[in-house]
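The values are calculated or read from the model by the stated rules, or taken from the named source; none is laboratory data. No experiment lies behind these values; they were computed from the predicted model shown. Positions of Cβ are backbone-derived with ideal geometry, glycine not excepted, and every protein chain shown enters the neighbour counts.
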Amino acid sequence: MTFLTIVIDLNPNLFRIGPFLITWHGVFAVLGILTAARLGLWLLEKDGVDTSRSADGVAWMVVLGLVGARALYVWENFRIFAGGNLLRMFALTEGGISQWGGLFGAAVGAYVWARRAKFSYWKLIDAGGAATMIGLAVGRIGDVINGEHHGTPTNAPWGFEYVNPATLGEPGAVVHPEVAYEMVLTLALLAALLPFHQRLKARLPDGVLGLVYLGLYAAGRFFLSFYRTDPAVFAGLRQAQLASLLMVVLAVIAIPLLYRRARAVAARPSVDIRQEPAVEPEISAAAGFSEEPAVEPEISAAAGLSEEPAVEPETSAVAEPAPATPDRASDKRVPRRERTRQMRPPRSTS
């Protein structure tokens, strides 16, 4: 035992209910799923997504996530189930799931939910990126307790030593707490991105922020996996490293495509919804509408237009002068006394 070594003396098993064994790993896995679902639904609501059918969506993600987690674990450890023990593939109570298999399975479940509920799958990816980080952070607490993910030996003062007789770790060995490193990684990503989630959502196309979460986590997980003793499966790389590389490649390819898609949508000509549709001639005639717009008196006066119809040049040229008529306006200007004097007949001089 080295100086400041962290000793873990906890039984990974809590109690048994009939054939079901309740473990720390199982308890924190469920708590991680619930925490991830709560954060993800909260972010979806902020993004304007209708979450009234959230129970249906969470069920799809959990079921397909468990199927994917178990399927990838069985593929990685198929030698355990070969030789007449194929039915053990369905013995989930014995443990054995793959984290990346669960994430890829949950992504398929999210796609099914988005198609059934008719909303954007990429909005779900954005919310799912942050939700995945908090879910992994909570779930890894159970892995720290039971010690099933063996780390490489270390002399670091933060090395873990599992001493409980029922531990799944390596009793007496001081190892790197790789799962604790993953907890730190996920919490650091949350601390860096979650406070600015809404601002980043407003600037980035749908799906990009979620892929940033998952891509950064996958890159960190690739390097952290060197601190584990998992067997290599291809080119000297472990299964978790191959899955991490796949996630990084998906993010690197998908992010530019999402940007290109967003630019294409923004370049489409927008329709002016304020423009009223034209009235058909038959309808306007039947309704008594004139096809020509009426000219306001003020506008016509300012434009020098006369409200009276114009006189044809030929007619005006031959038109006789109108007979003289008393000018009422001039009569009004003549004083009444003078007007009476003018109208009175002259006196006789005889």
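Points worth noting:
- Test: Ala191 is of a type outside the set (Asp, Glu), at pLDDT below 95 and out of contact with any helix residue (DSSP H, G or I) (no Cβ under 9 Å at 6 or more places or on another chain): no
- Of note, Ser98 does not satisfy the criterion of being surrounded by fewer than 23 Cβ atoms within 10 Å (Cβ to Cβ), polar (S, T, N, Q) and more than 21 Å from Phe226 (Cβ to Cβ).
- For the stretch 111-129, the set of residues classified as surrounded by fewer than 23 Cβ atoms within 10 Å (Cβ to Cβ) and either touching a strand residue (DSSP E or B) at 6+ places or on another chain (Cβ under 9 Å) or not in a loop (DSSP other than H, G, I, E, B) (or both) consists of Tyr111, Val112, Trp113, Ala114, Arg115, Arg116, Ala117, Tyr121, Trp122, Lys123, listed by residue number.
- Taken together, Ala107, Ala36 contain a single residue that is in contact with a helix residue (DSSP H, G or I) (Cβ under 6 Å, 6 or more places away or on another chain), closer than 30 Å to Leu245 by Cβ, surrounded by 14 or more Cβ atoms within 10 Å (Cβ to Cβ) and at pLDDT 85 or above, which is Ala36.
- Restricting attention to the stretch 209-236 and to residues that are aliphatic (A, V, I, L, M) and modelled with pLDDT under 90, the residue that is nearest to Thr154 (Cα to Cα) turns out to be Ala232.
- Positions within the stretch 237-273 being farther than 30 Å from Thr154 by Cβ, of a type in the set (Ser, Thr, Tyr) and in contact (Cβ under 8 Å) with a residue 24 or more places away in the chain, in sequence order: Tyr259
- Top-ranked residue in the stretch 218-274 [being closer than 20 Å to Ala180 by Cα and of a type in the set (Gly, Ala, Ser); ranked as farthest from the chain's Cα centre (by Cα)]: Ser225
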